[in-house]
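The values are calculated or read from the model by the stated rules, or taken from the named source; none is laboratory data. Note that the structure is a prediction, hence the values are computed from the model and not measured. Cβ atoms come from the backbone with ideal geometry, glycine included; neighbour counts cover every protein chain shown.
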Amino acid sequence: MLKAKPLTIAAVATFAALASLSAQAKDLREADVPEAVRAAVSQALPNAQVTEWDFDDGRYEAELREGRLEAKLELSPEGRILKSKRDVAAEAIPTNVREEVLRRRPGAEILGANLHEEEGKTWWDVGVKLENGRHKNEIVRP
């Protein structure tokens, strides 16, 4: 019986993983993105700059930056936003979300949040610094 050498197995596994990754997402130039998709991104986040376009699993993905804040939008080829994740500065988090986080974590410092939207559902992933210096995330579904 033949024994496989560990180095050969590792090389094959690495090659398979890299091939799988390259088949999953495809980086695009802006010119290769349909106008409807570009227009939807521009309308949703007019002050943000697109830093990367991808196409994966039938969806266009736009990664954006506005100052220090980042966002990611997933869109249909027709330009409908299917899913989004946006950074939100601590001072811009709605009062009801802030109050819920502080009710759960009295004395915590709110650092910022990600606003998630998908299929008509919205939730917040709020980063907090606890009194003991540890960091934690609180999920709030208003």
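Does any residue of region 111-121 turn out to be in contact with a strand residue (DSSP E or B) (Cβ under 6 Å, 6 or more places away or on another chain), of a type in the set (G, A, S) and in the same structural domain as R141 (by TED's automatic domain parsing)? Break it down stepwise before answering.
Let us first name the residues in region 111-121 that are in contact with a strand residue (DSSP E or B) (Cβ under 6 Å, 6 or more places away or on another chain), namely 111-118.
Adding the requirement that they be of a type in the set (G, A, S) leaves 112-113.
Those left that are additionally in the same structural domain as R141 (by TED's automatic domain parsing): 112-113.
Yes - at least one qualifying residue is present in region 111-121.
Conditions: (1) buried (at least 18 other Cβ atoms within 10 Å of the Cβ); (2) more than 20 Å from N114 (Cβ to Cβ). P77 meets all but one. Number of the miss?
For P77, the failing item is (1).
Quick one: is T51 of a type in the set (S, T, N, Q) and either farther than 25 Å from D27 by Cβ or touching a Pro at 6+ places or on another chain (Cβ under 7 Å) (or both)? I'd like the intermediate steps shown before the answer.
Numbers: of a type in the set (S, T, N, Q): yes; either farther than 25 Å from D27 by Cβ or touching a Pro at 6+ places or on another chain (Cβ under 7 Å) (or both): no.
Against the criterion (of a type in the set (S, T, N, Q) and either farther than 25 Å from D27 by Cβ or touching a Pro at 6+ places or on another chain (Cβ under 7 Å) (or both)), T51 does not qualify.
Taking the options V88, V37, name whichever one is under 25 Å from P142 (Cβ atoms) and in contact with a Gly (Cβ under 8 Å, 6 or more places away or on another chain). Quick ask: steps written out before the conclusion?
On the way: V37 fails: under 25 Å from P142 (Cβ atoms).
Just one listed residue meets the conditions, V88.
What is the residue count in region 82-116 for residues that are surrounded by 18 or more Cβ atoms within 10 Å (Cβ to Cβ), within 18 Å of the chain's Cα centre (by Cα), assigned to a strand (DSSP E or B) and among the hydrophobic types (A, V, I, L, M, F, W, C)?
Result for region 82-116: 3.
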